[in-house]
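Read through the structure below, which is laid out as structure tokens, and then see the notes.
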Amino acid sequence: MSLLGRRWREAGGDRGSSAIEAVAAIFLLGTMVLVTMQVVWFMVGSSIAQQAARDGARALSLGQSASVAVARSVPDSTTYRVWYPSPDTVRVRVDMKGTIFPLQIERQMTMPRTAS
């Protein structure tokens, strides 16, 4: 047996390595959970923005208030902004809070005013 191997065993060998591995595993698991939550939150915000833009464009094409339609589509806890790039287009920005990184998701929808 080599001198290095003998000293390694005398110094305790791999004692304490399981604690280091546990800390690393917990860190990686926590990171994966946080990244997954962020991706899910982005998907939820994207769905909210898409539906709000669709409802606003539909209301606009029917001659109704797009702002009211968007307000009905967006949950009360979510802040949003509505603007009209053209007479038959609605653009909605949804601000998603409560995430690691704040998200601003924009969607635009156009619907014709008359059926063809």
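When the residues of the range 87-105 are filtered to those that are touching a Leu at 6+ places or on another chain (Cβ under 9 Å) and not in a strand (DSSP E or B), which remaining residue is surrounded by the fewest Cβ atoms within 10 Å (Cβ to Cβ)? It would help to see each step written out before you state the result.
First pass over the range 87-105, keeping only residues touching a Leu at 6+ places or on another chain (Cβ under 9 Å): 87-90, 94-97, 100.
Then keep just the ones that are not in a strand (DSSP E or B); that gives 87-88, 97, 100.
Values: 87: 8, 88: 14, 97: 11, 100: 10.
Looking at the filtered set, the residue picked out is 87.
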Open item on the list: Looking at the range 63-82, can you tell me whether even one residue there is under 14 Å from residue 108 (Cα atoms), in contact with a helix residue (DSSP H, G or I) (Cβ under 6 Å, 6 or more places away or on another chain), modelled with pLDDT under 95 and not in a helix (DSSP H, G or I)?
Closed with: yes
Task: Hits in the range 82-112 - residues which are within 21 Å of residue 72 (Cβ to Cβ) and in contact (Cβ under 8 Å) with a residue 40 or more places away in the chain - done: 92, 93, 94, 96, 105, 106, 107, 108, 109, 110, 111
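The values are calculated or read from the model by the stated rules, or taken from the named source; none is laboratory data. Note that the structure is predicted; figures quoted are calculated from it, not measured. Glycine gets a Cβ as well: all are built from the backbone with ideal geometry, and neighbour counts include every protein chain shown.
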